Structure formats: structure tokens, C-alpha cells
1. Determine whether the stretch 324-341 contains at least one residue that is touching a Phe, Trp or Tyr at 6+ places or on another chain (Cβ under 6 Å), of a type outside the set (Val, Ile, Thr) and assigned to a loop (DSSP other than H, G, I, E, B).
2. I'd like to know if the stretch 259-266 contains one or more residues that are more than 28 Å from ALA183 (Cα to Cα), modelled with pLDDT of 95 or more and part of a helix (DSSP H, G or I).
3. Here are ARG246, ARG241: which of them is basic (Lys, Arg) and modelled with pLDDT under 95?
4. Which of the residues belonging to the stretch 128-181 are of a type in the set (A, V, I, L, M, F, W, C), out of contact with any Phe, Trp or Tyr (no Cβ under 9 Å at 6 or more places or on another chain) and open to solvent by less than 10 Å² (accessible area, probe 1.4 Å)?
5. Being under 25 Å from GLY309 (Cβ atoms) and either touching a His at 6+ places or on another chain (Cβ under 6 Å) or open to solvent by 10 Å² or more (accessible area, probe 1.4 Å) (or both) narrows it down to one residue among ASP53, ASP14, ASP4; which is it?
6. Which condition number in (1) among the polar types (S, T, N, Q); (2) within 19 Å of ASN42 (Cβ to Cβ); (3) buried (at least 21 other Cβ atoms within 10 Å of the Cβ) is the one that THR190 fails?
7. Mind checking which pairs have a first residue in the stretch 183-208 that is at positive phi and a second that is open to solvent by less than 50 Å² (accessible area, probe 1.4 Å) and outside any helix (DSSP H, G or I), Cβ under 9 Å, 6 or more apart or different chains?
Amino acid sequence: MGNDLNQELVVGLDAGGTRTRAVLAAADDGRVLGESTGGPGNAMTVPVPQLIDHLAEALAQVVPEGARARVVAVTGGFAGATAASEEDPGTSRARTALTEALGRLGIPACRVGVCSDIEAAFAAAPGTPSDGLALVAGTGAVAMRITDRHATTTVDGDGWLLGDEGSGFWIGRSAVRAALRMADGRGRPTVLAGWVGRTLGLPVDVLPKGGIPSYDQGGTALPSGTGAHPTGVPGWSRARREDFRRHLLPAVMADPPIRLARFAPLVADAAAEQDAVAKTIMSEAADHLLETVRALEPRPGERIVATGGLLGPRGPLTAPLAERLHSHGLSLDWVADGCPGAVALARLAHPS
């Protein structure tokens, strides 16, 4: 890679809630020359001193010391920031931290850009589009209208307490709620009760036997009160159900609420096995994402760039959401993350 570094270079950063990715590329053609990772980069939730450290960590790994003077532009796509306003608190924090991290490493980039991770993801689509819609469905969920590469309208992304409907968090919370409703006799039987309980490490003797509900002769899970037991699970006595609740609630409350997102894959797996409750949860999640997109008033055929773990080639919501969008003349254009977009934006910022 030695000769490759004897040219003008750019760096693109994708700074999200769990990690920061950095990509070093040639300024002339965008050829990737190196990649690295650092700690979390959410500009609103990570304290600035730590954010500086995490950015410096990723940058130091990807830009060799002897090549740092050749970096001409750096663009960071940050969770919690936006390119639309320099007065935005997250944007200000991100720019401060990025400028400090570059200075610490002696990287004299003359052009330093800050945008949201969603704006960077949108720019990662083929052709580096400047206008359209962006949808993120992972741990959280948000949609944005992008105009001239800046977010101009936002729908949802309101966090675990107020929104993120259809997200991994929303799906995971729905799984735990379904388990609790089954235990107290209000909800339909579902394998999710046993699966959630085992994932949380609950004692085996409080779990529904095998975690399998009763079914009628047609293969439909029996609703509460119609099976051999009020929950549809023979042998799951009221006392055991009370113990289940007593163990489950503290286990859930011991973690930050956002950790409920880890149950989303369980729901997807249960839905694939035709569990009726899980199928309903996944269907409602797709409905929520459709509603989020429709709130942006898309035009038929308008580009929707999507990213996040629930979408993409193996995403459990890709097919149901695509089917819903198709009836509105819309389709998804998936990207893995925002790093290619951040690189493209850095190259655009550097005059040729």
C-alpha cells in the first residue's frame, strides 16, 4: 500500500451508537486503502472527551503516521448529528470532537464535514444520490427526506421511550410483553414466553413446559382459556406463572431498556416457525415502517435508500415491507452502512 499513500487521501467515518468505522480512500477515485473501527460515536450520548478518544482511535488505525499530511478531506456521519444545521447540539459536539481528534493525530485536513449517519448512508447508494428518502430500521427506526444531501424532514427516530416504532427495540419489547401477557392469562400462547425466559436465564422450572403452546386440530395455536390449561400450555400452573413473572421482570429491568432489542431475532425466528403471536408482531412492525415512510409523502418511484439490521438481504422485515411499499409504487435500495457515503461526501468536498 506504500505507493498508494503517495497521493491525496480522504477519510470517511460512520460513527454510530455501538462503534465508529473509518475508511481511508484515494481522493481521485475513491479506491479504499484501509478500514478500522473505534468505540461508540453517537454525538448526543457519548461525552465529548470519550468521543474524541473513540474518533482518534479509529483514525490512528486507518491513517499511517507517514500519510497523515496527505489527508485533504474528512467527513463523518454521526448518529445524533445533521448536516442541516451547525447550531444543532449534536452537530456542534461532533465537529468539536472530530476537529480535536484530527489535531491530536496531526491530520491537517483542510475540509472537515459533519453530517448524520443517515445522510451518509443515503449518499452510500450507487451514484451518490442527492435527493430522496432514507429509512433506517435496526435497533431504532427513523425515516428522512434528503434534499441536496441534507435531511430536511424527519419522521420518528424518537427513541425507545417515545417512538422508534417497528424497530428492533419495538419488536423485542413486544416479545417480552407477549410473554408477560401469556403468563398472566391475558395473551395468546406463544413460544416466545419460553424463548425469552431462557435467554434471560430464568430457572427452568418456572418456564412453560417446552415453551410450546397447545394447538387445535387445524394447527392453530389455541387462545388463552380454550386449551387444556388457561395459557394453552398444560402443566404451567398459576404458581409457576407467578414465579415466571417474578423472575422475568427484575431480569429485564436490570439492563438499559434499549437492550430489549436483543429479543428481536427470537421473534423473527418464531415467526418463521409459524408462531401466531410472533407473526403478528413482525407484521405490525412492517406496518409501522410503512407508516413512517408514508408520512414523508413519497412520490411513486421515488428512491428509498434503506439500511439497518432489519432490512437488507437477510433482514426479516425486507420482504414484508417491500411488498407493502410495492403497492404504493415504491421500492427499497439497500446499503450496508454509511462509510462509502462519507467517503463520497469527503471527495465531493475536495475540489479536483
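The values are calculated or read from the model by the stated rules, or taken from the named source; none is laboratory data. Quantities reported herein were computed from a predicted structural model and do not represent experimental measurements. Cβ placement follows ideal geometry from the backbone for every residue including glycine, while neighbour counts extend to all protein chains displayed. When the accessible area is computed, the model is the full protein with side chains, heavy atoms only, and any ligands, DNA or RNA have been set aside. Shrake-Rupley method; radii C 1.70, N 1.55, O 1.52, S 1.80 Å.
1. No, the conditions are met nowhere in the stretch 324-341.
2. no
3. Going through ARG246, ARG241 in turn, the sole match is ARG241.
4. Of everything in the stretch 128-181, those that are of a type in the set (A, V, I, L, M, F, W, C), out of contact with any Phe, Trp or Tyr (no Cβ under 9 Å at 6 or more places or on another chain) and open to solvent by less than 10 Å² (accessible area, probe 1.4 Å) turn out to be LEU135, ALA137, ALA143.
5. Exactly one of ASP53, ASP14, ASP4 is under 25 Å from GLY309 (Cβ atoms) and either touching a His at 6+ places or on another chain (Cβ under 6 Å) or open to solvent by 10 Å² or more (accessible area, probe 1.4 Å) (or both), namely ASP14.
6. (2)
7. Within 9 Å, the pairs are GLY185/SER224; GLY185/THR231.
For every residue, the table says whether it meets (1) part of a helix (DSSP H, G or I); (2) among the β-branched types (Val, Ile, Thr); (3) at pLDDT 90 or above.
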{"residue": "ARG145", "(1), (2), (3)": "no, no, yes"}
{"residue": "VAL155", "(1), (2), (3)": "no, yes, yes"}
{"residue": "GLU165", "(1), (2), (3)": "no, no, yes"}
{"residue": "ALA175", "(1), (2), (3)": "yes, no, yes"}
{"residue": "ALA179", "(1), (2), (3)": "yes, no, yes"}
{"residue": "ALA183", "(1), (2), (3)": "yes, no, yes"}
